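Notes follow the structure.
What follows draws every value from the coordinates through simple rules; no lab data is involved. Here the structure is a predicted model, which is why all the values come from computation and not from measurement. No Cβ is skipped: glycine too gets one built from the backbone with ideal geometry, and neighbour counts run over all protein chains shown.
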Amino acid sequence: MILGQPPRGTMPCPFFPRPTRSIPALVCAVALNVGLINKPAHAEDKDPMLSMNGQESPELLVYLAEKTDAGQWAAHYGLKIRRKLVGKADAYVFATPSVEDARKLLSIIRQDGAVIRAFNNRYVVALTQEAEPCGDPWEESHCWNEPDLPPIPPFTPFENYFYPQTGVHAGQWHLYNDFGWIHIDAPDAWQQGAAGTGVVIGVVDSGVEMSHPDLVVRPTLSYDFVHEDDDPSPNLFVSPLYYSHGTAVAGVAAARGGNGLGVTGVAPYASIAALRVPLANTFAPSELGDPSELGGVVSTADRILDAIYFGDQAIHIKNHSYGSPYPYAIRDARVVALQETSANGMIHVVAAGNGQRFDDGGFTRRDASARTYSIPEVITVAAVGPEGHHADYSNYGASIVVSAPSRACADCDPGLLTTDVTGGHGYNNLSGNLFPDPDYTDTFGGTSGATPVVSGALALAKQLRPELNSRWAKHLLANSSQVVDPEDHSPESDGGWQENAAGCRFNQNYGFGLVNADRLVALAGLKDLELTPLLTWDQALRMKPTAIPDADKTGVHFPIDFDSHKNPADALEEVGVSLRVDHARRGEVEIWLVSPSGSKRRMMHRYDSDHDPFTTGIGAVDDDGQIQPWTFWSHAFWGENPHGQWTVIVIDTERGTTGTVDAIQLHLRMGRLKAGNLQFESCDLGQHLLS
């Protein structure tokens with residue numbers, strides 16, 4: 001299904017003297033959600049994927065109590081076992097005769113004492129997050145067994161392509177460069193003795209070439225959730241634009257350094273767990289045995305869910321460079337899996353996403369806060385181009401944690417130099433890709449490329465601080481990331497860099513800033529750091545549907561009080577707002593939050609409703625058919641005192657259509673880093689301790 005269009009041809013690139021290569025027409029598949037409030041009857045006409053993505057399937061995903069005989073249990077309800085999950089004990093996919101049978105049976109089995117949890121195994125579409133040249137991006141572009149390792153740190157790279165070759169390639173500029181471009185200062189982190197030794201990074205993606213000479217892949221921690229076997233190699237019979245994706249991601253995070261080959265990853269001595277899942281256009285329908293009318297586009301949620309659970313204690317970090325560009329895709333069992341595994345210590349790093357391409361040639365970024373994986377338990381990563389400006393495709397929002405280098409636009413040089421499927425069968429098989437070594441590519445980018453940069457950096461920190469988890473990671477990133485693009489005042493950034501009442505600086509284009517591996521590792525290695533226990537508080541308002549004034553900048557206000565004298569409290573981490581909004585054009589709605597200290601920050605940015613296949617409603621339909629509020633999370637209040645009155649503001653930004661709010665809930669997550677007897681509420685702990 002070809003939804004893209006060819007770019008406008010070869011164009012000069014402001015970053016590298018070699019002409020930008022023209023990439024042929026690419027597939028621009030988009031993942032769309034269904035089942036929201038007031039679904040327009042014509043939605044499926046806009047894209048055939050809407051007929052399946054997010055829809056119920058005739059299958060049930062069930063977690064059974066320990067020692068339950070799955071066969072007998074299935075027979076009792078007249079079910080057939082479709083598959084047993086490999087990553088989650090006592091979890092099964094059961095087939096029913098029809099979607100209607102699955103719907104009726106779901107409410108019944110949830111009352112069964114042998115059932116821990118049950119979901120409909122919905123159809124999903126998950127896309128790789130490498131930016132594609134859809135529309136005109138130039139309009140606002142800133143264009144097993146571990147092998148023997150060197151016994152004495154620190155690591156020093158001597159790989160063929162680490163350093164630039166004039167007129168040929170720019171080297172691994174994202175790790176370090178002398179061009180004046182941004183970089184993560186990886187060599188100084190390596191000089192501290194951190195190289196990711198002993199850390200395993202799971203690449204949940206299109207597959208990883210197991211035999212690539214510059215990757216160390218752990219066979220016993222790898223799995224193919226498409227074929228359901230132990231070989232997660234990519235399918236070479238689909239487009240190289242897609243099947244090469246996971247191999248490129250793996251190389252950015254952890255290509256083997258110190259071997260004199262090709263490239264080095266951010267964490268050169270970490271190893272890879274290859275976890276192949278059915279991302280759109282990376283598999284053939286026959287691989288799933290699923291008669292999908294959309295070919296290799298639609299799967300069921302259990303495949304990705306299984307990969308999230310897999311290797312829960314052995315895999316330390318999982319990289320997710322995929323997602324849906326459309327807002328409010330249902331938060332299904334995959335989110336529960338992210339939350340559970342994060343609570344067990346796994347770090348999930350996810351791409352903020354690459355905006356959305358429109359059929360009429362337009363292209364826009366989107367607020368990542370409306371993406372399925374934008375939850376407190378993950379690290380959401382945005383992309384920054386070499387000159388230090390936001391990549392013109394990268395999503396933004398209050399849920400962004402950190403940013404990392406990648407291509408400035410879909411066609412801009414330089415891209416990230418990383419591993420490719422060998423033998424010229426990968427990205428270098430695309431017309432015009434002229435990198436001299438067919439086992440590598442320098443065209444990789446998107447938030448797909450930025451995300452494994454952060455995964456690799458966290459692997460360096462994990463080596464020095466084994467207890468590192470997602471909470472630890474966020475605190476360290478908040479205190480070590482660096483301000484980039486200080487003059488930014490774009491509408492998407494919520495007015496640019498803003499300092500809150502705790503002295504913490506945040507920008508919705510960049511989160512806490514550009515990841516700095518040197519400072520991150522130095523902070524992680526401090527012996528006297530402690531993290532206070534997580535405290536949470538949730539408060540819902542009792543309310544009737546409340547009208548949102550039409551085209552009124554004042555909006556409607558909802559005050560919520562938090563009394564720290566009656567409730568356990570600490571400095572703020574994430575703050576969340578749950579809302580259910582019924583509106584004829586949901587893209588016109590903006591959501592703001594004012595803290596007791598007076599910090600007013602945007603929780604959700606308005607967007608172009610004209611290109612939203614679902615124009616109405618903020619919320620999602622759960623497996624019981626109930627419309628659930630959507631929760632928006634923000635890091636902009638990090639470190640503030642939560643005590644006092646909070647105010648949620650909902651605004652209608654355009655005249656002509658109206659809506660109502662009928663659910664509001666505030667969520668506070670609290671905790672702080674301590675250094676000995678010192679306690680800091682702001683994001684400048686690194687400056688205090690590392691200066």
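Please state the Cα pair-distance histogram of the range 397-467 with 5 angstrom bins from zero: what percent is in each bin?
Once binned at 5 Å, the Cα pair distances of the range 397-467 give 4, 15, 19, 19, 17, 11, 8, 5, 1, 0.
Using the Karplus equation 6.51 cos²θ - 1.76 cosθ + 1.60 (θ = phi - 60°), what ³J(HN,Hα) coupling, rounded to whole Hz, does each residue of the range 301-313 give in order, writing x for Gly and Pro?
Running phi through 6.51 cos²θ - 1.76 cosθ + 1.60 with θ = phi - 60° gives 5, 4, 5, 6, 4, 4, 5, 5, 6, 4, x, 3, 9 Hz.
Around H348, which amide H atoms from residues at least 5 apart in sequence, or from another chain, sit under 5 Å from its own amide H, with H modelled in the peptide plane?
Result for H348 returns K318, I379.
What ranking do S578, S239, S406 get, fewest neighbouring Cβ atoms within 10 angstrom at the top?
Working: S578 19, S239 14, S406 34.
Lowest count first: S239, S578, S406.
Can you give me the distance in nm between label points at T653 and V99, each placed 7 Å from the Cα along the Cα-to-Cβ direction?
Placing both labels 7 Å beyond Cα along the Cβ direction yields 3.3 nm.
Would you work out if the range 428-551 is rounded, prolate or oblate? Take a ≥ b ≥ c from the square roots of the eigenvalues of the alpha-carbon gyration tensor; rounded if a/c is under 1.5, else prolate when a/b is larger than b/c, oblate otherwise.
Values: a/c = 2.06, a/b = 1.28, b/c = 1.61.
In terms of gyration-tensor shape, oblate.
What is the calculated FRET efficiency for A89 to V483, with r their C-beta to C-beta distance and R₀ = 30 Å, to the nearest 0.05? Present the calculation step by step, with values, prior to reporting the outcome.
Details: r = 45 Å, r/R0 = 1.50.
Plugging the Cβ-Cβ distance into 1/(1 + (r/R0)^6) gives 0.10.
Compute log10 of I(q)/I(0) for the range 244-302 with the Debye formula, placing one identical point scatterer on every Cα and leaving out solvent, at q = 0.13, 0.15, 0.24, 0.26 Å⁻¹, to two decimals.
-0.48, -0.57, -0.88, -0.97
Applying the Karplus parametrisation 6.51 cos²θ - 1.76 cosθ + 1.60 with θ = phi - 60° to the phi angles of the range 398-414, what ³J(HN,Hα) value in whole Hz is obtained for each residue in order, glycine and proline being reported as x?
5, 7, 5, 9, 7, 10, 8, x, 6, 5, 6, 8, 4, 10, 7, 8, x
Using the alpha carbon gyration tensor of the range 535-671, what are the three equivalent-ellipsoid semi-axes (square root of 5 times each eigenvalue), largest first, in whole Å?
27, 16, 13
Determine the shape class of the range 63-133: with a ≥ b ≥ c the square roots of the Cα gyration tensor eigenvalues, call it rounded for a/c under 1.5, and otherwise prolate if a/b is greater than b/c, oblate otherwise.
On the way: a/c = 2.53, a/b = 1.76, b/c = 1.43.
Prolate, since a/c reaches 1.5 and a/b exceeds b/c.
Using all alpha carbons of the range 293-428, what is the percent of pairwise distances in each 5 Å bin, ordered from the shortest bin to the longest?
Binned Cα distances yield the sequence 2, 9, 16, 19, 19, 18, 13, 5, 1, 0.
L531's amide H: which non-local residues (gap 5+, or another chain) put their own amide H closer than 5 Å, with H modeled 1.01 Å from N in plane and none for Pro or chain starts?
K674
For labels at K527 and R542 in the simple 7 Å Cα→Cβ model, what's the distance in nm?
5.6
Sort W646, W173 so the one with the fewest other Cβ atoms within 10 Å of its own Cβ comes first.
Values: W646 20, W173 25.
With the sparsest Cβ surroundings first, the list reads W646, W173.
Quick one: which residues, 5 or more positions from M603 or on another chain, have an amide H under 5 Å from its amide H? H modelled 1.01 Å from N in the peptide plane, none for Pro or chain starts.
I591, W592, L593
Starting with the fewest neighbours, write out L434, L127 ranked by other beta-carbon atoms found within 10 Å of each beta-carbon. Please report the intermediate quantities before stating the final value.
Numbers: L434 13, L127 27.
Lowest count first: L434, L127.
Listed here are the pairs K474/K527; K84/K318; K88/K527; K318/K474; K474/K600; K474/K674; which of them are more than 25 Å apart at the Cα?
Details: K474/K527 18 Å; K84/K318 22 Å; K88/K527 35 Å; K318/K474 15 Å; K474/K600 22 Å; K474/K674 14 Å.
Those over the limit are K88/K527.
Taking Cα atoms of the range 192-343, Rg/Rh with Kirkwood Rh, to two decimals? Walk me through the intermediate numbers first.
Values: Rg = 15.5 Å, Rh = 15.8 Å.
Here Rg/Rh amounts to 0.98.
Please say if the range 507-581 is rounded, prolate or oblate, where rounded means a/c under 1.5 for a ≥ b ≥ c the square roots of the C-alpha gyration tensor eigenvalues, and otherwise the choice is prolate for a/b larger than b/c and oblate otherwise?
Since a/c reaches 1.5 but b/c is at least a/b, the shape of the range 507-581 is classed as oblate.
Mind jotting down a quarter of the surface of the convex hull over the alpha carbons of the range 274-321, in square nanometres, one decimal?
Values: hull surface 14.4 nm².
Average of the hull's projected areas for the range 274-321 equals 3.6 nm².
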